[in-house]
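Undergrad: I'd like to ask you about the structure that follows.
The values are calculated or read from the model by the stated rules, or taken from the named source; none is laboratory data. The structure displayed is predicted, hence computed values, not measured ones. Cβ: placed from backbone, ideal geometry, glycine included. Neighbour counts: every protein chain shown. Please note that ligands, DNA and RNA were not included when accessible areas were found on the heavy atoms of the full protein model with its side chains. Shrake-Rupley method; radii C 1.70, N 1.55, O 1.52, S 1.80 Å.
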Amino acid sequence: MNIAIFGIGGVGGYYGGLLARRYEGGETHRVSFVARGEHLRMIREKGLKVITQEDEFVARPALATDRPEKTGPLDLVLVTVKGYDLDSAARALAGVTGNATVVIPLQNGVDNADRLRAHLPGARVLNGTVYISSRIVEPGVVQQLGGACSLFFGPGEGDVEPYREIESIFRDAGIKATLSGEISKEVWKKFLFISPVAGATALFDKPLGGVLEDGEASRLLEGMMTEVDRVARAKGIDLPGDAVLQAMETVARFPYETKTSFQVDVEKGRRTEIETLIGYVIRAGESLGIDTPFNLRVYQALLKK
């Protein structure tokens with residue numbers, strides 16, 4: 001297969017690095033990285049250094065480029081850019097994807113597959129989600145900080161078996177991949193956790209432990225989760241009955257000082273995924289007739305920061 005990873009940040013660097021290491025040389029599968037700037041320059045010069053909690057290695061893709069058209073017609077694309085870059089990434093991929101191309105988004109958010117399909121109507125767009133904490137340490141270096149490193153993907157509906165080969169490609173590269181027949185449920189389950197946690201930590205400027213021990217912050221966090229849960233169920237997503245309780249219990253298992261990447265972006269005045277993580281909940285709620293006051297409070301406050 002001709003495989004490309006579009007976006008070599010923390011997520012794309014980790015999973016793309018494993019793929020590039022396993023299939024270096026391109027004898028069975030050809031792996032390309034689409035990146036930019038100094039990060040791309042260092043990957044071209046020295047390869048991508050990937051630091052995991054178990055080891056570290058240097059991955060050398062068959063091609064590292066900032067021009068997707070250089071990859072040639074693609075069989076598989078992992079899209080790992082930030083939510084605010086998703087539409088431009090999809091437009092850039094239009095020329096190298098076709099009816100046989102499988103496209104899997106792995107970034108935050110629950111509407112990524114729909115957005116990709118709007119730009120790539122001929123491609124086989126699946127959905128996906130990952131459980132990993134990783135980041136670019138410096139140009140050319142990506143580090144996994146934590147998380148189970150598991151990857152779930154699958155079609156929103158229909159038979160999963162046509163994609164079993166992709167699962168094997170992932171697993172042969174050392175990726176903890178699961179082809180799921182309930183991928184929408186998996187994506188929303190993560191979103192129920194990550195969206196409210198991002199908003200609450202950023203609004204109160206506290207780590208996860210600080211949010212939980214602050215009565216107001218903890219109530220707001222649970223309120224945001226409840227609103228996401230209502231939106232999901234209105235969309236027909238069959239979440240567990242105690243999904244909010246499970247998400248709150250997950251928060252409590254994190255180290256006290258854990259900060260979300262969204263929170264760090266807000267602190268540093270960077271561009272954020274506020275529309276992907278919080279704005280979407282408000283807009284979806286409005287379209288479904290569901291009030292989302294907790295999410296609206298966070299959204300309006302963060303826009304002023």
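Undergrad: Among the residues of the range 239-275, write down those that are of a type in the set (S, T, N, Q) and not in a helix (DSSP H, G or I).
TA: THR258, THR260, THR272
Undergrad: Also, I was wondering about something else. Please list, ordered by first then second residue, the pairs with beta carbon atoms under 6 Å, 6 or more apart or interchain, first in the range 7-29 and at pLDDT below 95, second in a loop (DSSP other than H, G, I, E, B) and of a type in the set (A, V, I, L, M).
TA: Between residues of the range 7-29 that are at pLDDT below 95 and residues that are in a loop (DSSP other than H, G, I, E, B) and of a type in the set (A, V, I, L, M), the close pairs are GLY26/ALA62.
Undergrad: Name, by its number, the condition in (1) under 29 Å from THR52 (Cβ atoms); (2) of a type in the set (Ser, Thr, Tyr); (3) open to solvent by 10 Å² or more (accessible area, probe 1.4 Å) that does not hold for THR226.
TA: So the condition that THR226 fails would be (1).
Undergrad: Still on this structure: Considering the range 30-59 alone, what residues qualify as being under 20 Å from ALA90 (Cα atoms) and touching a residue at least 60 places away in the same chain (Cβ under 8 Å)?
TA: GLY37
Undergrad: Right, another one. Read through the list (1) of a type in the set (Gly, Ala, Ser); (2) at negative phi; (3) surrounded by fewer than 20 Cβ atoms within 10 Å (Cβ to Cβ), then give the number of the only condition that GLY236 fails.
TA: Just one mismatch for GLY236, condition (2).
Undergrad: For the range 276-295, what are the residues that are of a type outside the set (Val, Ile, Thr) and in a helix (DSSP H, G or I)?
TA: Result: LEU277, GLY279, TYR280, ARG283, ALA284, GLY285, GLU286, SER287, LEU288, PRO293, PHE294, ASN295.
Undergrad: Among the residues of the range 65-104, which ones are in contact (Cβ under 8 Å) with a residue 40 or more places away in the chain and over 21 Å from the mean Cα position of the chain (by Cα)?
TA: THR71, GLY72, PRO73, VAL96
Undergrad: Which residues, taken from the range 248-264, are within 18 Å of the chain's Cα centre (by Cα) and touching a residue at least 40 places away in the same chain (Cβ under 8 Å)?
TA: The answer is LYS259, THR260, SER261, PHE262, GLN263.
Undergrad: What are the pairs with Cβ atoms under 9 angstrom where one residue, in the range 278-305, is farther than 20 Å from GLY83 by Cα and the other, located anywhere, is acidic (Asp, Glu) and surrounded by 12 or more Cβ atoms within 10 Å (Cβ to Cβ)? Sequence gap at least six, or different chains.
TA: Once the first residue is farther than 20 Å from GLY83 by Cα and sits in the range 278-305, its partners that are acidic (Asp, Glu) and surrounded by 12 or more Cβ atoms within 10 Å (Cβ to Cβ) give ILE290/GLU227; ASP291/GLU227; THR292/GLU227; THR292/GLU286; PRO293/GLU227; PHE294/GLU222; PHE294/GLU227.
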